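Everything on this sheet refers to the single structure shown next.
A short reminder: the numbers here are calculations on the coordinates, not readings from a lab. Here the structure is a predicted model, which is why all the values come from computation and not from measurement. Heads up, the Cβs are rebuilt from the backbone with ideal geometry, glycines too, and the neighbour counts pull from every protein chain shown.
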Amino acid sequence: MQRNKPHSATLKPYPMWLLPLLALLLYACEGSDAQRKTYAGQQQQFFPVERVPYERPATIIDALENEPSYWVDSVFNTLTPEERIAQLIIVEAFSDQGPAYEADVMRLVKEYKVGGLIFFQGGPVRQARLTNSYQAASKVPLWIAMDAETGVGMRLDSAVHYPSQQMLGAVADNGLIYQMGAEVAEEFKRLGMHINFAPVADINNNPSNPIIGYRAFGEDRLDVTAKSLAYMQGMQHGGIMAVAKHFPGHGDTDVDSHHDLPVIPFGRQRLDSLELYPFKELITHGVGGIMVAHMHIPQLDSTRNLPSTLSEPIVTGLLKQQLGYKGLIFTDAMVMKGVTKYFDPGEAEARALMAGNDVLERLNSVPKAIRAVKAAIAQGYLTQEEIDRRCKRVLTAKQWLGLDKYKPVPLENLVEDLNPARADSTNKALAEAALTLLNNKKRMLPLRQSQHLTIATVSIGAKQPTVFQRQVKQLGARTTDFYISRKARENETRKLWKKLKKYDVVLVALYGPSIRPSNNLGYSTGATELVQKLATSKKAAITLFDNAYALNQFPDIEQSRVLLLGYQPHFHAQAAAAKLIFGRIPARGELPVTVNRFFAYGDGISMDKPFLAGP
């Protein structure tokens, strides 16, 4: 059938004869009080018995390419047209928002039969309890997702927090990244989750990028591709669906799509040679999902103010037809300003499905979305057959992920299981492999102690002695320790500088405002000037435990005798920096991005063995 497509930024007005039909659709979608009671009382789950035992395909792409199984068809046949639309919806959930919020999520599960949840902040036990409760109330097993680029510790307390992708970008051994992906998969399975919106496959070659930056593996397409593949394969070999993002590439923009619609001026030739390269390779190697970004790319679709998520030439034409992608296509969050600035809730979701997306993530309004999709079907912009096909693909993915044999999440020993010794070992290995030595003038390192050498340590951006300072002492160093706030006033920093001038060596640790890398460290004028004085003193070894791009926030830091990048203030990163300074481990990391004219991609003084023998 020939589809009538809108050519403007808004859907065509509904014909007058359609208004009674739309009112009826609205009533049916909202449901009467009696219908709501029926939905609220539905507690049974539908698990049909297979007539032929299900043989799980080797990959999720194989599963999606096969004919639907008996389980898929049986479940599908129990769903109303509205419920088939709802299976294409993932709504957000938190485990730290209290009973009223949880009741609202439960309403979406029971009344509208949404297909899945994406969990954000909270705790593992609370999330597991809620997962069990939501699953018990759902007509069809829910798939559970998380935006966990650095593991579930990125969202939950009491869980392992792995390095940022920028820190991983400094690691030469991609086998460690595969191992991390496998461990993230185990965490997901233990929490009853199925989809990780990772890896970030964007190539970050714009230091001013406010939203990707440290979330990307770096600026080199081959490195980004290799590390994205390692992370993806680690997760998918472990039975968790990876979703690569943000197609067709969000790395070269200075606008955050959470707050506005970025405009990408590049044409197909540039995108093919750079931004699209990792996605092509991930497609070749069977990535289960790809997330489409909210960006306006006039060279690919000239429709004014149209985000790529809502563009048929980009989603269907480029991703599906030209790149041959057979997996599931997810929108980025539909609550972001990159889409809501120009399109109302409901209309945006309908257009996203018209463009070719399979799954809608994080909606402003589920009922508005369902009503708008039904209206688009009534007007001929979509067909029920297209919705049904995508619904079956979602159910097929759910079966591959094991939801046809759903079991509640066991709560016993949950926190212990999420913190295994092997995860700590992997984090240690990654931190030591990522450390990047940028300066070692006059071979200041390894630092050798003597009776006459006086050493001070100073942590800037700390409220108490830090892991780095404690680890230096554990290595036997005789040091005097200082710490000072990032926001320190100039009179405080002047007093500290007078004290530090008396020492032969000063080991400086720079911290940002949180465990995550930062775009802006927020140092006061006084604190910045203190770092500058230390850098030009010819006696400082400076380690930055934050975003590599943050080096640009410190004038003259390139003059420091020793400059070391730890990337994040993780325990193992701080411990590794102390070991490297005293020659106990080698320097192996390479800068994954170009920071400025002094420090370029690939820089890093590399030694394949420790400076000194030691544990």
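For segment 55-417, the spherically averaged projection of the C-alpha convex hull amounts to 16.5 nm².
Once you reduce segment 570-611 and segment 497-560 to the center of their Cα atoms, the two points are 16 Å from each other. Think of the chain as a dipole: +1 on every Lys or Arg Cβ, -1 on every Asp or Glu Cβ, centred on the Cα centre; then among 143, 324, 605, 605 lies furthest on the positive end. Across the cross-link table entries 113/341; 498/539; 441/487; 113/398, which are compared at the Cα atoms, the separations over 18 Å belong to 113/341; 441/487. A simple rule links phi to the HN-Hα coupling: the Karplus curve 6.51 cos²θ - 1.76 cosθ + 1.60 with θ = phi - 60°, which for segment 511-528 gives 10, x, x, 8, 5, 7, x, 10, 7, 9, 6, x, 6, 5, 4, x, 5, 5 Hz, with x for Gly and Pro.
Mean projected area of the convex hull spanned by the Cα atoms of the chain, taken over all viewing directions: 29.4 nm². The overall shape of segment 435-581, judged from the alpha-carbon gyration tensor, is rounded, with an a/c ratio under 1.5. For segment 177-314, dividing the convex hull volume of the Cα atoms by the residue count gives 107 Å³ per residue. Bridge orientation summary for segment 435-581: considering DSSP beta bridges with both residues in this region, about 15 percent are antiparallel.
Ordering of 160-169, 278-287 by packing is 160-169, 278-287, highest average first (other Cβ atoms within 10 Å, averaged per residue).
In the structure shown, the pairs 280/579; 189/320; 280/337; 110/189; 374/407; 428/502 are assessed against 31 Å; a Cα-Cα span above that value is assigned to 280/579; 374/407; 428/502. Seen against the Cα atoms of the chain and their longest principal axis, helix 99-112 is set at about 40 degrees.
Volume per residue of the convex hull around the Cα atoms, evaluated for segment 80-198, comes out as 98 Å³. The fewest-to-most ranking of 223, 504 by surrounding Cβ atoms within 10 Å reads 504, 223. Helix 366-379 axis versus longest C-alpha principal axis of the chain: approximately 50°, rounded to the nearest ten.
Beta-bridge orientation, the chain: approximately 10 percent antiparallel, per DSSP, counting only bridges with both partners inside.
Between the residues 237, 133, 381, the greatest Cα displacement towards the positive end of the dipole of segment 55-417, with unit charges on the Cβ of Lys, Arg, Asp and Glu, is found for 381. Segment 210-261 and segment 409-462 have Cα centres separated by 25 Å.
Compared with the dominant Cα axis of the chain, that is its longest principal axis, helix 124-137 is turned about 0°.
How big is Rg to Rh over segment 408-496, alpha-carbon atoms, Rh as the Kirkwood inverse-mean-distance radius? Answer for segment 408-496: 1.12.
Shown for 457, 253: other C-beta atoms within 10 Å of each C-beta, ranked fewest to most, produce the order 253, 457.
Here's the picture: charge each Lys and Arg Cβ at +1 and each Asp and Glu Cβ at -1 in the chain, and of 554, 109, 345 the one pushed furthest to the positive end of that dipole is 554.
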